[in-house]
Each structure stands twice: as structure tokens, then as C-alpha cells.
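Trainee: Take this structure, written in C-alpha cells, and hold onto it; I'll ask about it next.
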Amino acid sequence: YHESEGLFCHSCSRIISKGVTNGGYIYSDGRHLCSLCKTSVIQNESESKKALNDVILQLSAVGIDISLENIAISIVNLNQLNERIGILSDNKLKGYTQTNENSRSKLQYEIYLLNGLPEIEFKATLAHELLHVWLNNKSIILNNKIEEGFCNLGNYLIYSNSNTKYAKIHLKAMDNNKDDIYGDGYRYMKKILVKHGWPQIIIMLSSL
């Protein structure tokens, strides 16, 4: 009954109720967020910059170095995000990276992140998008399944380092994701990561 009739948090997927999540909120784009997730939502530019710097440090710690010189970040609502994504729009997506070339043929990146994300999910989504940037900067071309699977290792890194109940909920959801690309691709790349570690994955990809 609850699965068919209830309202679920767009971030943690817990059912929104007074007993379970102490109620919740609804955004103008139709998303619901439980009160538990609402307490850590990224709300301003200062918080987003702090989160960005933390993600850069966590990626650097495993050998992924990314310069922010040519990266801009915009926080948008779900409707705006889907407009950017176009025909690939999906209400489950929470980030998107757009690549452009400036007048000097230098790559510029615009990362669009969904507004109202709790801090840990904001960081995980950002890490995913930054790995897209890293691959592009390295001119590493992968099929969609392997690329998204690898980029989902960014989410995995942030959630694993957090080791909170909320992070464990997301890790479980990633392990159970039935999507051919984001689920199967992630589990395939995770097996490689567990077996070989970040340094070896970086070497493998850089040699492609």
C-alpha cells in the first residue's frame, strides 16, 4: 500500500511520514524531500564552494587531479536540468556536464547540479560529473556503460568515505540499481576497483 500510494523522498527514497522522517517538503518542480534530508541541503554559493573543494581533495587523494580553471557550476531545478539534457532527460538524474569550446579551441565545462540536494549527495553527484570532465580532459573515450560506471565510482568514493547511515542507503541503492548503464556499468567497474584499486584503474584508462 505504501509503495503504491505513499510519497517518497527524492534523495534517500524513504517514505515521507511524521513517524519515519518527521514529515517533508515539496519543491516547485514537484520533488519531495524528507525532513531528515532537508537538514543538510546545500543552500548557497559558499556551501557549494566548500563542498566542491572537499570533493576535489577526495578525488586527488586517489590520484584523480582536476583543475577548476575551466569549470563552472550552476545549481538548477529539475525542469531546468531536463531542459539542458534534452532528449536524454530523466527525472532520476541529478547532474549533467556540458562541454564547449571557447574561441581559442580550449575546452570549457558547465556542470549543472540539481538544487536542494543534501550535502553528501551534492558531493557524490559532483564527483560523478567531475570524473566526466577528467575523462574528457584525458581524451579517454569509453562506451556509455563503462563511462557512466566509472563516473559512478565518484559517487561510491564520496559515500564510502562518509560511512554514515545516509551514505550507506545510497550505496545500497547503487548496488541494487537495475539500470543497464548506471547499475550494471557501476557494478562492473566497482569489481575492477575492488580488485585493482584506484591507481591501477587510472593507469588502465589512461592507456586507452
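The values are calculated or read from the model by the stated rules, or taken from the named source; none is laboratory data. Source: prediction; values computed, not measured. No Cβ is skipped: glycine too gets one built from the backbone with ideal geometry, and neighbour counts run over all protein chains shown. What goes into the accessible areas is simple: the full protein's heavy atoms, side chains included, and nothing from ligands, DNA or RNA. Shrake-Rupley method; radii C 1.70, N 1.55, O 1.52, S 1.80 Å.
Trainee: Can you pull out every residue in region 156-172 that is part of a helix (DSSP H, G or I) and open to solvent by 60 Å² or more (accessible area, probe 1.4 Å)? If you could, list the steps in order and put the result at the bottom.
Mentor: Looking only at region 156-172, we keep the residues that are part of a helix (DSSP H, G or I), and these are 156-162, 165-172.
N161, K165, K168, K172, listed by residue number.
Trainee: Related question: If you scan region 193-205, which residues turn out to be in contact (Cβ under 8 Å) with a residue 12 or more places away in the chain and open to solvent by less than 60 Å² (accessible area, probe 1.4 Å)?
Mentor: Of everything in region 193-205, those that are in contact (Cβ under 8 Å) with a residue 12 or more places away in the chain and open to solvent by less than 60 Å² (accessible area, probe 1.4 Å) turn out to be L193, W198, I201, I202, L205.
Trainee: Related question: Search region 173-186 for residues being surrounded by fewer than 17 Cβ atoms within 10 Å (Cβ to Cβ) and either hydrophobic (A, V, I, L, M, F, W, C) or in contact (Cβ under 8 Å) with a residue 12 or more places away in the chain (or both), and hand back the single one that is farthest from K123 (Cα to Cα).
Mentor: Result: D180.
Trainee: Moving to a separate point now. Applying the selection to region 167-191, what residues are closer than 18 Å to H132 by Cα and among the β-branched types (V, I, T)?
Mentor: Listed by number, the list holds a single entry, I181.
Trainee: Checking S74 against (1) open to solvent by 30 Å² or more (accessible area, probe 1.4 Å); (2) farther than 27 Å from G24 by Cβ; (3) not in a loop (DSSP other than H, G, I, E, B), which single condition isn't satisfied?
Mentor: With (1) open to solvent by 30 Å² or more (accessible area, probe 1.4 Å); (2) farther than 27 Å from G24 by Cβ; (3) not in a loop (DSSP other than H, G, I, E, B) applied to S74, the lone miss is (2).
Trainee: Also: Any chance region 109-125 includes a residue that's touching a residue at least 60 places away in the same chain (Cβ under 8 Å), more than 13 Å from the chain's Cα centre (by Cα), open to solvent by 10 Å² or more (accessible area, probe 1.4 Å) and closer than 16 Å to I71 by Cβ?
Mentor: No - not one qualifying residue is present in region 109-125.
Trainee: I'd like to check something: does region 123-142 contain any residue that is in contact with a strand residue (DSSP E or B) (Cβ under 7 Å, 6 or more places away or on another chain), part of a loop (DSSP other than H, G, I, E, B) and over 15 Å from L157 (Cα atoms)?
Mentor: Among the residues of region 123-142, not one is in contact with a strand residue (DSSP E or B) (Cβ under 7 Å, 6 or more places away or on another chain), part of a loop (DSSP other than H, G, I, E, B) and over 15 Å from L157 (Cα atoms), which makes the answer no.
Trainee: Among residues belonging to region 130-147 that are without any contact (Cβ under 8 Å) to a residue 60 or more places away in the chain and over 18 Å from W198 (Cβ atoms), point out the one that is least open to solvent (accessible area, probe 1.4 Å).
Mentor: N136
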